[in-house]
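Derivation of every value follows stated rules applied to the coordinates shown; laboratory data play no part. Since this is a predicted model, take the numbers as computed values, not measurements. Neighbour counts run over all protein chains shown; Cβ positions are idealised from the backbone, glycine included.
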């Protein structure tokens, strides 16, 4: 019987050249509002970088400023447009061939991302891989600006992987990441690749 192999990929910075949250906000609201929003929200962003407040808190502040009370159907419609029309240009040249080689050889491939599944999953669906990502809270058909559950970052990536997958079923696990937020997920791998697609 052929060995069962699992491959886990971080998304932002590993598969893509840039953070898709930032690119999505610019796409959704335009450059002017993007710049204004990040200027006004720069204090919590800096505090997060300095590890004074948690990553998820700064993220919720940004999400609230840009997306609170947005209609979820309109939001998801724009997410699909972003995934099909804009995300392909952000994919690292060496990443997609690597993913396709794993798919061709029968591996299970899963993207595990701190970005919202609303715009990550449509891209994953388009290439035939599974997606585990941060979920956004919705109430009465509108975004609240908060994260539903926990941000899929750092240790939470391992929690979410174990919720969806039984790792003991796989003979070999390969993990790709590019930042400290992937450290715990990288520890799951028999094979580990850190910043593998940088030119």
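Annotations
- Once the C-beta distance of residue 73 and residue 53 is scaled by a Förster radius of 22 Å, the resulting FRET efficiency is 0.10 to the nearest 0.05.
- Computed E for residue 33/residue 180 - FRET, C-beta separation, R0 35 angstrom, nearest 0.05: 0.75
- Helix 31-40 vs. the chain, principal-axis angle (Cα, 0 to 90°, nearest 10): 80
- Taking each residue as 0.36 nm, the span from residue 3 to residue 163 lengthens on full extension beyond its C-alpha to C-alpha distance by 55.4 nm.
- The angle separating the long axis of helix 20-29 from the principal Cα axis of greatest extent in the chain is about 40 degrees.
- By DSSP, the beta bridges lying fully in the chain are antiparallel in about 25 percent of cases.
- Helix 117-127 vs. the chain, principal-axis angle (Cα, 0 to 90°, nearest 10): 40
- Three-way shape call for the chain based on the alpha-carbon gyration tensor, with the a/c threshold at 1.5: prolate
- Each of residue 125 and residue 80 was given a label point 7 Å from its Cα along the Cα-to-Cβ line. The distance between the two points is 0.7 nm.
- The stretch 52-121 and the stretch 168-199 have Cα centres lying 18 Å from one another.
- Ordered by the count of other Cβ atoms within 10 Å of each Cβ, fewest first, 123, 56 give 56, 123.
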